[in-house]
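Below is one structure, written out as structure tokens; the observations come after it.
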């Protein structure tokens, strides 16, 4: 019985499989097949679709209409200028949610670098994605000012975070511009920024003749040499083996590129090199050593403590060029080593404390011991002389005159300043002090006394 049941189960399963196969074949013949745009190979996230590469990235494949998603991208032109936001397997159709607009498409063999600029340095905002520009630089190295083309015929990939032109064709506000560059070009921009160059952009005409490889290499070499001096002997290192090409490949996709027009032979000569303007220089006396405040300006000081150096006239506009004109005066604030002298630093010496008269506090006089046996007669009050307090003057000599400080002995050994006088005032007070005082008139002996009034 068991063997019979097994045989029946095997026959039933076989019949079911045959029925399912026949049903699927009949259904497939009745289904409608349509051409669907699918990925021809596995595509990674961020893959851009361009006109040149779209034929290798997608293909059409017949798929049952009933099993397709409700929304599909079935036109290759709808993919151009966009990038994948998720990976795709070969044979998988495209959904609009799988695509994104934005980002920068960097040409093959190039990298991207950004340079800070403002509207004024970016041709009033008319520089935009797809433009061709020259990067101009000015820098002061030592006593010389240089103006030169740093890079030429650079392709702009983005302005700030925007990769397409504004609807008005201008960017009224911008902070940075990004270029397609080779390694040496990127390092040259960073070297110029580190040397303090002032950078600006020049918008190139679409018909302007592009420089050759030799011209571009020569311009880069000249720019690198100009940025090198005694204080900055370095240069560009580890720039790789990339050679500068005359023109970066056109960016496909989002970045609009103006179609090229037939070029005519350029009869005009090549652009002359920019010659730095001549800077007016002056010789300025600079201190070789630190000079203390209130130092008199003499011929020996000028010869020993100063040396003459050339400086740009606009830098040393306030400097004294001829120190001999100020002989007899003093450097009131002093001069540090390597500093030049300005007119505000020259003048009369600050007030100095002159020599003082020696002043020794006198010791109190020793009184003679009184003899108790022989007391001195007490004289009448009107005949006792007035005891004068001792005074002492201290003279202070300054450039503006002499001041006399008058001290008075308030008690033995203790002195107190009582006045600040000029020599004339002190002389007047001394004359008054030495003049004899008139004694009060004594009443006449025979003068009658006033009668007392009796109420």
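The values are calculated or read from the model by the stated rules, or taken from the named source; none is laboratory data. Every value quoted in this text rests on a predicted model; they were computed, and no experiment measured them. Positions of Cβ are generated from backbone atoms using ideal geometry, with glycine treated the same way; all protein chains shown enter the neighbour counts.
The table that follows gives values for the structure above.
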read-out: Of residues in the range 159-177 being in contact (Cβ under 8 Å) with a residue 60 or more places away in the chain and crowded, with 22+ Cβ neighbours inside 10 Å, the one farthest from residue 111 (Cα to Cα); value: 163
read-out: Unique match (being assigned by TED's automatic domain parsing to the domain that holds residue 204 and either surrounded by fewer than 15 Cβ atoms within 10 Å (Cβ to Cβ) or more than 26 Å from residue 209 (Cα to Cα) (or both)) among 137, 124; value: 124
read-out: Scope the range 27-66; condition surrounded by fewer than 10 Cβ atoms within 10 Å (Cβ to Cβ) and either at pLDDT below 80 or at positive phi (or both); matching residues; value: 29, 30
read-out: Hits in the range 34-58 (condition: under 21 Å from residue 97 (Cβ atoms) and in a strand (DSSP E or B)); value: 34, 36, 37, 38, 39, 43, 48, 58
read-out: Any hit, the range 80-96, residues being surrounded by fewer than 19 Cβ atoms within 10 Å (Cβ to Cβ) and without any contact (Cβ under 8 Å) to a residue 24 or more places away in the chain; value: no
read-out: Test: residue 196 is more than 30 Å from residue 311 (Cβ to Cβ) and either over 26 Å from the mean Cα position of the chain (by Cα) or assigned to a loop (DSSP other than H, G, I, E, B) (or both); value: no
read-out: Scan of the range 291-333 for residues that are within 30 Å of residue 141 (Cα to Cα) and in a loop (DSSP other than H, G, I, E, B), ordered by number; value: 313, 314, 315, 316, 317, 318, 320, 321, 322
read-out: Count - residues of the range 66-108 that are more than 20 Å from residue 56 (Cα to Cα) and within 45 Å of the chain's Cα centre (by Cα); value: 4
